[in-house]
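The values are calculated or read from the model by the stated rules, or taken from the named source; none is laboratory data. No experiment lies behind these values; they were computed from the predicted model shown. Neighbour counts run over all protein chains shown; Cβ positions are idealised from the backbone, glycine included.
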Amino acid sequence: MLVAGNWKMHGNRAGIAHLLEVLSTTCRDFDKVDIAVFPPSLFIQQTAEALNQSTIQFGAQNLSPHSEGAYTGEISAAMLKDFQCDWALVGHSERRQYYAETDEIVAEKFAGAQKAGVQPILCIGETQQQREAHQTMEVIGHQLTTVLDVVGIDAFLNGVIAYEPVWAIGTGLTASPEQAQEVHGFIRDQLTKKDADVAQSVRLLYGGSVKADNASGLFAMADIDGALVGGASLKAEQFTKICQQAQR
Ligand code: PGA
């Protein structure tokens, strides 16, 4: 199990220091779950220092698809590695929606992170409109295939994919465990067609309004191997409870 907290563009030095201090204590004994936090990039060094003695891992919310060069405002995979980032989110729906990230750009970011030794978490998910038009599997299949075509199935050995239905992000609407399982099962099947061993090794996280009171139902599903948590990851008590439910 892996529980990841995406802090998005929230926090300041004092608030983050406090949150990390509390989590380091409250999550100390969860030995059956990997826990990772994703602060805004400016706070990565602070996070690295605060988690120095902790088993909690950390990563970046985004990275450049380029390895270096004249790309004002961007941060490369190698820079993330230099600051000991274990992880990087790629293809979060907010990046796709507001920053016009295409499947192709997402694939480049995935490949770049992996090459630098930073493990990418590939985020995929359909919009409300696409779900209502019964295009969910088609959209998910396309988002997955585009990355697979660029990086190959072997790049997913021990990889992580987060299924995040766009309509469930920050809306308080969670996919039911059955709805999430249906898509997770589909993702696992798609990977199995390429390589069954790799498919079994991949961790599939669910994301979209995961809270302390709906996590256990989601975690009980066969193909849900953890969660990508947004809003609830900013509250130490909520996030701790979610991590606790992932202990199995
Ligand atoms: P949410 O965000 O938990 O606030 O819905 C999830 C995400 O965007 O990763």
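A few notes on this one:
- Residue, nearest to the ligand (Cβ to nearest atom), within the stretch 108-136, restricted to residues that are under 15 Å from residue 204 (Cβ atoms) and among the hydrophobic types (A, V, I, L, M, F, W, C): 123
- Residue selection: residue 102 fails the criterion of being farther than 26 Å from residue 207 by Cα, at pLDDT 95 or above, of a type in the set (Val, Ile, Thr) and more than 16 Å from the ligand (Cβ to nearest atom).
- The residue that is farthest from the ligand (Cβ to nearest atom), counting only those in the stretch 222-241 that are farther than 18 Å from residue 39 by Cα and in contact with a strand residue (DSSP E or B) (Cβ under 8 Å, 6 or more places away or on another chain), is 223.
- Which numbered condition residue 245 misses (of (1) touching a residue at least 40 places away in the same chain (Cβ under 8 Å); (2) within 16 Å of the ligand (Cβ to nearest atom)): (1)
- Any hit, the stretch 185-194, residues being within 16 Å of the ligand (Cβ to nearest atom), closer than 20 Å to residue 92 by Cβ and out of contact with any Ser or Thr (no Cβ under 7 Å at 6 or more places or on another chain): no
- Those residues of the stretch 189-219 which are over 12 Å from residue 156 (Cα atoms) and among the aliphatic types (A, V, I, L, M), in sequence order: 205, 210, 212, 215, 218
- Subset of the stretch 157-167 [within 15 Å of the ligand (Cβ to nearest atom) and under 15 Å from the mean Cα position of the chain (by Cα)]: 160, 161, 162, 163, 164, 165, 166
- Hits in the stretch 6-58 (condition: touching a Pro at 6+ places or on another chain (Cβ under 9 Å) and not hydrophobic (A, V, I, L, M, F, W, C)): 8, 10, 11, 46, 47
- Identity of the residue in the stretch 195-216, among the small types (Gly, Ala, Ser) and within 15 Å of the ligand (Cβ to nearest atom), that ends up farthest from residue 120 (Cα to Cα): 212
- Being within 26 Å of residue 118 (Cβ to Cβ), without any contact (Cβ under 8 Å) to a residue 24 or more places away in the chain and surrounded by fewer than 23 Cβ atoms within 10 Å (Cβ to Cβ) is a property that holds for residue 152.
- Pairs linking a residue in the stretch 16-38 that is of a type outside the set (Val, Ile, Thr) to a residue that is exposed (fewer than 13 other Cβ atoms within 10 Å of the Cβ), with Cβ atoms under 8 Å and 6 or more positions apart or on different chains, are 24/53; 32/248.
- Residue, surrounded by the most Cβ atoms within 10 Å (Cβ to Cβ), within the stretch 115-129, restricted to residues that are over 22 Å from residue 227 (Cβ atoms) and in contact (Cβ under 8 Å) with a residue 12 or more places away in the chain: 116
- Spans of helices (runs of 4 or more DSSP H) in the stretch 60-156 with at least 3 residues more than 17 Å from the chain's Cα centre (by Cα): 77-82, 103-116, 128-132, 136-151
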